[in-house]
Amino acid sequence: LAEYIARSGGSLPEAEAVDLVCDVLDGLRPIHKESVLHRDVDPQNIYRKEGGTAMLIDFGAAREVMGTRGQELDVVLKSGYAPYEQYLPDGNQGPHTDVYACAATLYKCLTGLKPPKAIDRIQNDQLVSPREVRPEVSLETSVAVLKGLSLDLARRPASVDDFAELLYNSDPS
């Protein structure tokens, strides 16, 4: 996907970007049901197939985490795509962790920019909405992305279904 974005001029049309990320969400749904997180979603780990659909690859950082509260997890970071909780060995990781990375990926697709590191956003949040970067992005999609990139877990969609619902309701077509 990273190469495709570059070949497409640095960003993608909203409808295409949302469709690709929704494909990734569809791929995450069954692994989350098995209590596994990918923990490394970003454009480098998404393969865009011939027909224009997306497939999530590279499960090297995946871990079974649901039900392991109190146990430290390996710190796995992809700058700009990792949420704050991934910076902490005992961070509260769950499906919302992969949601953040999917929102960051959609942000990259829409704006051509990688979001600022979550750890840097804690003190001074410099995140600019997708609509501020590209005014043609719908307000609904821009809001969905910002919710997905929320540092506050209470505001971030808790599951891929919650995030997909926000995106489907944005209707970028």
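The values are calculated or read from the model by the stated rules, or taken from the named source; none is laboratory data. It should be emphasised that the depicted structure is a prediction, and the values quoted were computed from it without experimental measurement. Note that each Cβ is placed from the backbone with ideal geometry, even for glycine, and that neighbours are counted across all protein chains shown. We work out accessible area using only protein heavy atoms, side chains counted, and drop any ligands, DNA or RNA first. Shrake-Rupley method; radii C 1.70, N 1.55, O 1.52, S 1.80 Å.
Computed over neighbours whose Cβ is under 11 Å from that of R48, the net charge equals -3, Lys and Arg +1, Asp and Glu -1.
Were the residues from R121 through S35 laid out at 0.36 nm apart, the gain over their Cα-Cα distance would be 28.1 nm. Accessible surface of the chain, 1.4 Å probe: 48 percent of it comes from carbon and sulfur atoms.
Quick one: longest stretch of the chain between exposed loop GluC sites (Glu not before Pro), exposed meaning at most 14 other C-beta atoms within 10 Å and loop per DSSP? Counting only loop sites that pass the neighbour cut-off, the longest clear stretch is 73-135.
For the chain, what is the number of Lys pairs with C-alpha distance below 14 angstrom, counting only pairs 8 or more positions apart or on separate chains?
On the way: K78/K108; K78/K114; K78/K117; K108/K117.
Lysine pairs, 8 or more places apart or on different chains, close enough: 4.
Per residue, the solvent-accessible area of the chain (1.4 Å probe, heavy atoms of protein chains only, all protein chains present) comes to 48 Å².
Summed over all non-identical Cα pairs, the Kirkwood treatment of segment 102-173 gives a radius of 12.4 Å. Within the listed set L127, L146, L106, the residue fluctuating most in the Gaussian network model of the chain (springs between alpha-carbon atoms under 10 angstrom) is L127.
Think of the chain as a dipole: +1 on every Lys or Arg Cβ, -1 on every Asp or Glu Cβ, centred on the Cα centre; then among I119, L153, L1, I119 lies furthest on the positive end.
Compared with the dominant principal axis of the Cα atoms in the chain, helix 14-33 is inclined by about 20°. Label zone of S79 (point 7 Å out along Cα→Cβ, amide N under 11 Å): in segment 99-129 this covers 117. Of P30, P130, P13, the residue with the greatest mean-square motion in the GNM of the chain, using alpha carbon springs below 10 Å, is P30. Based on Cα contacts under 8 Å between residues 6+ apart, the chain shows a relative contact order of 24 percent.
What is segment 112-173's relative contact order, in percent, from Cα pairs under 8 angstrom and six or more apart in sequence? Don't skip to the answer; put the middle values down first.
Working: 40 pairs, mean separation 17.7, N = 62.
Taking the mean separation of contacting Cα pairs over the length of segment 112-173, I get 29 percent.
If you run the Gaussian network model on the chain, springs between alpha carbon atoms under 10 Å, then out of V41, V128, V145 the most flexible one is V128. The structure shown yields mean projected area of the Cα convex hull in nm², and of the options (i) 8.6; (ii) 9.2; (iii) 11.1 that calculated value carries the label (ii).
Say a site is exposed when it is one of the trypsin sites (Lys or Arg not before Pro), sits in a DSSP loop, and has at most 10 other Cβ atoms within 10 Å; what is then the longest site-free stretch of the chain? If you can, show how the numbers build up before the last one.
Working: sites that count: K49, R69.
That gives 70-173 as the longest site-free run.
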